[in-house]
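Please read the structure below before turning to the comments.
The values are calculated or read from the model by the stated rules, or taken from the named source; none is laboratory data. Note that the structure is predicted; figures quoted are calculated from it, not measured. Cβ placement follows ideal geometry from the backbone for every residue including glycine, while neighbour counts extend to all protein chains displayed.
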Amino acid sequence: MKSRIKECISSSVENYTCILNDKNIQANIEKVIALSVKAFKNDKKMLFCGNGGSASDAQHIAAELSGRFYANRPPLYAEALNVNSSYITAVANDLGYDKTYSRMLEACGRAGDILVGISTSGNSKNVIKALEKANEIGLTTIGFTGINAGKMNSICDIIIEVPSDDTPRIQEAHILIGHIICQIIEEEMFPDA
Amino acid sequence: MHSYDTLFLDRDGVINKKLEGRYVCNFSEFKFITGALDAISELNNIFNRIVIVTNQQGIAKGVMSEADLNILHTQMLNVIEHSGGKIDKIYYCPHLEEMDCICRKPKTGMIKNAIIDFPNIIAENSFLIGDSDTDIKAGKRMSLNTVKVDNAFTLSKWTDSLLAVI
Ligand SMILES: [Mg+2]
Ligand SMILES: [Zn+2]
């Protein structure tokens with residue numbers, strides 16, 4: 001059992017090492033940060049969505065921005081589309097699960113906002129539909145996914161492609177990248193905080 | 001209120017002739033495609049607005065400056081206005097393809113900036129006209145109607161076909 005535990009840890013370390021050496025993913029993270037800072041400075045907001053573990057990533061990252069990361073500073077307007085279970089269950093039941101995020105996005109997304117769709121496969125239908133709706137409305141669209149970006153690739157303005165096809169490793173990297181983004185956005189927005 | 005909402009026009013190969021292997025850097029190299037000027041003024045009658053979305057990586061390559069491009073565009077707009085047409089705004093991407101920016105078509109940044117500038121744009125009632133697959137891809141990503149033009153099926157021909165069904 002000890003060896004299996006170590007195997008998991010070293011596969012995670014290996015994944016992080018790949019990201020550490022991946023200039024492309026780092027350049028894209030930089031672009032996401034620059035666009036987010038610009039959006040917040042223009043009084044726009046950041047929205048997140050995903051399913052399952054990626055839903056918790058969505059609300060986790062949103063909370064780091066609207067709550068606080070390191071600094072005592074004013075809140076940033078960020079929210080996850082999955083946080084109202086009454087809404088999700090009603091729309092899934094009445095209109096179909098595919099519509100859960102696109103409908104909420106249509107309600108609250110505005111041109112100039114940013115939508116981050118999180119899907120390890122890159123194919124989650126409700127996330128894809130939300131990204132498509134977001135493009136139509138004029139949001140900047142960002143996809144967090146794994147090595148085979150799936151449908152997201154042709155929809156998003158920027159793709160953060162974790163160089164792994166192993167779902168837990170992809171999700172660990174997503175939250176790492178979410179934290180990096182939150183930290184640097186906070187530093188750029190509130191240099192004196 | 002017009003029949004259609006917004007017309008997104010690519011520039012090179014739609015409004016003016018493409019040059020073989022180089023960029024149109026000044027107005028002396030800018031030749032309108034036959035029928036394009038008349039088409040634009042006719043299209044003004046059936047669209048709420050017309051904007052241009054054009055990739056101009058010649059800027060990042062240093063073969064022209066943004067000032068050169070702006071001068072060229074001012075001269076182009078003068079001619080369009082003299083022939084009774086109007087372009088509401090020009091969006092250009094100055095970046096290199098390998099910079100992987102969010103504005104160079106097939107990315108959608110220029111169209112999204114238009115939506116920020118003109119918040120009433122209705123995608124399903126709008127068209128994007130281009131001569132490259134990248135134009136068409138950008139338009140489709142934004143749920144616009146798309147039309148691909150070429151040497152035979154020009155902007156002018158498309159305009160005629162559109163006017164015929166109104
Ligand atoms: Mg062209
Ligand atoms: Zn660009």
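Taking the residues in the range B:116-131 that are at pLDDT below 95 and surrounded by 19 or more Cβ atoms within 10 Å (Cβ to Cβ) as candidates, determine which candidate is farthest from the other protein chains (Cβ to nearest Cβ).
B:Ile121
Which pairs do you get when a residue that is closer than 14 Å to B:Ile129 by Cα, found in the range B:154-165, comes within reach of a residue that is of a type in the set (Ser, Thr, Tyr), reach meaning Cβ atoms under 9 angstrom, with the pair 6+ apart or on two chains?
B:Thr154/B:Thr34; B:Ser156/B:Thr34; B:Leu162/B:Ser3; B:Leu162/B:Tyr4
Before we move on, is B:Ile52 outside any helix (DSSP H, G or I), within 16 Å of ligand 2 (Cβ to nearest atom) and out of contact with any Leu (no Cβ under 6 Å at 6 or more places or on another chain)? Spell out how you get there, then give the answer.
Values: outside any helix (DSSP H, G or I): yes; within 16 Å of ligand 2 (Cβ to nearest atom): yes; out of contact with any Leu (no Cβ under 6 Å at 6 or more places or on another chain): no.
When the stated conditions are applied, B:Ile52 does not pass them.
Take the residues in the range A:30-50 that are surrounded by fewer than 20 Cβ atoms within 10 Å (Cβ to Cβ) and farther than 15 Å from A:Asp113 by Cβ; name whichever of them is nearest to the other protein chains (Cβ to nearest Cβ).
Among those residues, the one meeting the criterion is A:Lys31.
Is it true that B:Thr74 is within 14 Å of chain A (Cβ to nearest Cβ) and on the phi < 0 side of the Ramachandran plot?
For B:Thr74, the condition - within 14 Å of chain A (Cβ to nearest Cβ) and on the phi < 0 side of the Ramachandran plot - is not met.
Exactly one of these conditions fails for B:Thr134: (1) in contact (Cβ under 8 Å) with a residue 60 or more places away in the chain; (2) in a helix (DSSP H, G or I); (3) within 11 Å of chain A (Cβ to nearest Cβ). Give me its number.
(3)
Of everything in the range B:75-95, what is crowded, with 19+ Cβ neighbours inside 10 Å, among the hydrophobic types (A, V, I, L, M, F, W, C) and more than 16 Å from ligand 2 (Cβ to nearest atom)? Give them in sequence order.
Passing the criteria: B:Met76, B:Ile80, B:Ile87.
Output the qualifying pairs, or none if there are none: Cβ atoms under 8 angstrom, residues six or more apart or on different chains, first residue in the range B:60-84 and touching a residue at least 40 places away in the same chain (Cβ under 8 Å) and farther than 14 Å from B:His95 by Cβ, second residue of a type in the set (Val, Ile, Thr) and surrounded by 13 or more Cβ atoms within 10 Å (Cβ to Cβ).
B:Leu72/B:Val24; B:Met76/B:Ile15; B:Ile80/B:Ile40; B:Ile80/B:Ile87; B:Ser83/B:Ile40
Please count how many residues of the range A:153-167 are crowded, with 16+ Cβ neighbours inside 10 Å and within 12 Å of chain B (Cβ to nearest Cβ).
5
Can you pull out the residues in the range B:132-166 that are within 16 Å of ligand 2 (Cβ to nearest atom) and surrounded by 20 or more Cβ atoms within 10 Å (Cβ to Cβ)?
Filtering the range B:132-166 for residues within 16 Å of ligand 2 (Cβ to nearest atom) gives B:132, B:134-135, B:137-138, B:141-142.
Correct list: B:Asp135, B:Ala138, B:Arg141, B:Met142.
Within the range B:57-74, track down each residue that is in a helix (DSSP H, G or I) and loosely packed, with under 13 Cβ neighbours inside 10 Å.
Of everything in the range B:57-74, those that are in a helix (DSSP H, G or I) and loosely packed, with under 13 Cβ neighbours inside 10 Å turn out to be B:Glu66, B:Ala67, B:Asn70, B:Thr74.
Since B:Gly21 meets every condition but one in (1) over 30 Å from A:Asn24 (Cβ atoms); (2) away from ligand 2 (no atom under 16 Å from the Cβ); (3) away from every other protein chain (no Cβ under 14 Å), which condition does it not meet?
So B:Gly21 meets the others, but not (1).
Tell me, please, whether a residue that is more than 14 Å from chain B (Cβ to nearest Cβ) and not β-branched (Val, Ile, Thr) can be found in the range A:126-139.
Here is the first cut: in the range A:126-139, the ones more than 14 Å from chain B (Cβ to nearest Cβ) are A:126-127.
If we keep only those that are not β-branched (Val, Ile, Thr) too, we end up with A:126.
Checked the range A:126-139: at least one residue is more than 14 Å from chain B (Cβ to nearest Cβ) and not β-branched (Val, Ile, Thr).
Testing B:Ala36 on (1) more than 16 Å from ligand 1 (Cβ to nearest atom); (2) out of contact with any Lys or Arg (no Cβ under 7 Å at 6 or more places or on another chain), one condition comes back false. Which one is that?
Here B:Ala36 meets the rest and fails (1).
Which residues, counting only those in the range A:71-86, are surrounded by 12 or more Cβ atoms within 10 Å (Cβ to Cβ) and either more than 15 Å from A:Cys182 (Cβ to Cβ) or out of contact with any Leu (no Cβ under 7 Å at 6 or more places or on another chain) (or both)? Even if it seems obvious, please write down each step before you answer.
Here is the first cut: in the range A:71-86, the ones surrounded by 12 or more Cβ atoms within 10 Å (Cβ to Cβ) are A:71, A:73, A:76-84.
Result: A:Ala71, A:Arg73, A:Tyr77, A:Ala80, A:Leu81, A:Asn82, A:Val83, A:Asn84.
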